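The values are calculated or read from the model by the stated rules, or taken from the named source; none is laboratory data. Here the structure is a predicted model, which means the values were calculated and not measured. All Cβ positions, glycine included, derive from the backbone under ideal geometry; neighbour counts span all protein chains shown.
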Amino acid sequence: MTCSGPGFRVGFLAIMLALAGPAIAQAPPRPAPNPPPTTAVEIEAFSQGAMLGIFFHAFGHMVISELKLASTEPEEDAVDELSTILLSTVMIRVPESEGESYAQVIMGSALYLKFSAEELRAQDKGIPFHDEHPPDERRVANILCLAAGADPHHFFLTAAKAGILQDRLRRCAETYQERQAVWDELLARAVEGRKSRGMLTLEVVPSRNPTYRRFEQVFEQGGDFDQMLVFFVAMGRLPRDVPIVVKDCGVANGFWSPREAEIVLCYEMLDHVAQTFTRAAKRAPN
Ligand SMILES: [Zn+2]
């Protein structure tokens, strides 16, 4: 088992600073990207972005659970909203060069859900009615609306192309600001007076599958992932340390385990995401 270096041990407060930072109107304009990714390099970048999106979804479950946040929404909706708001808020408040990494995570997540939904529809399947997660199309729309609300220059066109109607798109900036304020207050109240300073740690368990070895490097090298953790864990005070465990699971998954008090990211999930993007690239018109 490979444990992370000091770079991965981060305490929980910068997001509060980020949430209290400059107004979103000051966000620099960025060109709208033009999905779907088609080259191997693009597919790799979007797959890693989507995998980080899965991590931040699990991170959202962990934050709600560990900080005992109250929410009237179904938790899956709340978690998508929280993770997208965290990513979007930091994205628009860091220098543009760093913001690209956050945009990549949001874009990768939305596109992965979009392509998954397309595949399920082509097979005449969909998210079963009893699944806790809402249908992928709705998740895509909610994620892109919040991101477009935070950073229209980067996400408006993608959101429009994804089928969000103009009427809703016009209200996305307001939605983002309202929901960001709600989460800002919820998080601030939840960490108020807390003395604990739980840390996130990263444990990359080597895969038994040789084809997943390259995925180990994605997590071990840290890079953007490392920086994002520094940002996000610095958002408050976790009551206890939370390991992020990257390992073989036997199934494609990425989740928060309240019982084990750990976030699990499976190599199989990154493989599944990469395959989904590869199939989507093949379907894309030349
Ligand atoms: Zn979930």
PHE219 being modelled with pLDDT under 85, under 15 Å from THR84 (Cα atoms) and in contact with a Leu (Cβ under 9 Å, 6 or more places away or on another chain): no
Failed condition for VAL205, given (1) modelled with pLDDT under 75; (2) closer than 20 Å to LEU52 by Cα; (3) surrounded by fewer than 22 Cβ atoms within 10 Å (Cβ to Cβ): (1)
Residue selected from the stretch 254-265 under the condition in contact with a His (Cβ under 9 Å, 6 or more places away or on another chain) and not aliphatic (A, V, I, L, M), by the criterion farthest from the ligand (Cβ to nearest atom): PRO258
Residue selected from the stretch 34-62 under the condition in contact with a helix residue (DSSP H, G or I) (Cβ under 7 Å, 6 or more places away or on another chain) and β-branched (Val, Ile, Thr), by the criterion nearest to the ligand (Cβ to nearest atom): ILE54
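If we scan the stretch 243-257, do we find a residue that is modelled with pLDDT under 85 and in contact with a Leu (Cβ under 6 Å, 6 or more places away or on another chain)?
Let us first name the residues in the stretch 243-257 that are modelled with pLDDT under 85, namely none.
No, the stretch 243-257 contains no residue that is modelled with pLDDT under 85 and in contact with a Leu (Cβ under 6 Å, 6 or more places away or on another chain).
For the stretch 255-286, name all the residues that are out of contact with any Asp or Glu (no Cβ under 9 Å at 6 or more places or on another chain) and either among the hydrophobic types (A, V, I, L, M, F, W, C) or surrounded by 23 or more Cβ atoms within 10 Å (Cβ to Cβ) (or both). Break it down stepwise before answering.
Residues of the stretch 255-286 that are out of contact with any Asp or Glu (no Cβ under 9 Å at 6 or more places or on another chain), as a first pass: 255, 257, 259-260, 263-265, 269-273, 275, 278, 282, 284-286.
Those that are out of contact with any Asp or Glu (no Cβ under 9 Å at 6 or more places or on another chain) and either among the hydrophobic types (A, V, I, L, M, F, W, C) or surrounded by 23 or more Cβ atoms within 10 Å (Cβ to Cβ) (or both): PHE255, ILE263, VAL264, LEU265, MET269, LEU270, VAL273, ALA284.
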Residue count, the stretch 106-125 (criterion: within 16 Å of the chain's Cα centre (by Cα) and more than 16 Å from the ligand (Cβ to nearest atom)): 5
Matching residues in the stretch 139-163 - criterion: being charged (D, E, K, R) and under 18 Å from the mean Cα position of the chain (by Cα): ARG139, ASP151
Residues that are within 13 Å of the ligand (Cβ to nearest atom) and not in a helix (DSSP H, G or I), drawn from the stretch 72-99: GLU73, PRO74
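Yes or no, residue by residue, for (1) at pLDDT below 85; (2) hydroxyl-bearing (Ser, Thr, Tyr); (3) surrounded by fewer than 20 Cβ atoms within 10 Å (Cβ to Cβ):
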{"residue": "CYS3", "(1), (2), (3)": "yes, no, yes"}
{"residue": "ARG9", "(1), (2), (3)": "yes, no, yes"}
{"residue": "LEU13", "(1), (2), (3)": "yes, no, yes"}
{"residue": "LEU19", "(1), (2), (3)": "yes, no, no"}
{"residue": "ALA23", "(1), (2), (3)": "yes, no, yes"}
{"residue": "GLN26", "(1), (2), (3)": "yes, no, yes"}
{"residue": "GLY49", "(1), (2), (3)": "no, no, no"}
{"residue": "PRO74", "(1), (2), (3)": "yes, no, yes"}
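Give SER101, SER88, SER97 a once-over and let me know the one that is at pLDDT 85 or above and hydroxyl-bearing (Ser, Thr, Tyr). Give the derivation first.
Values: SER101 fails: at pLDDT 85 or above; SER97 fails: at pLDDT 85 or above.
The unique qualifying residue is SER88.
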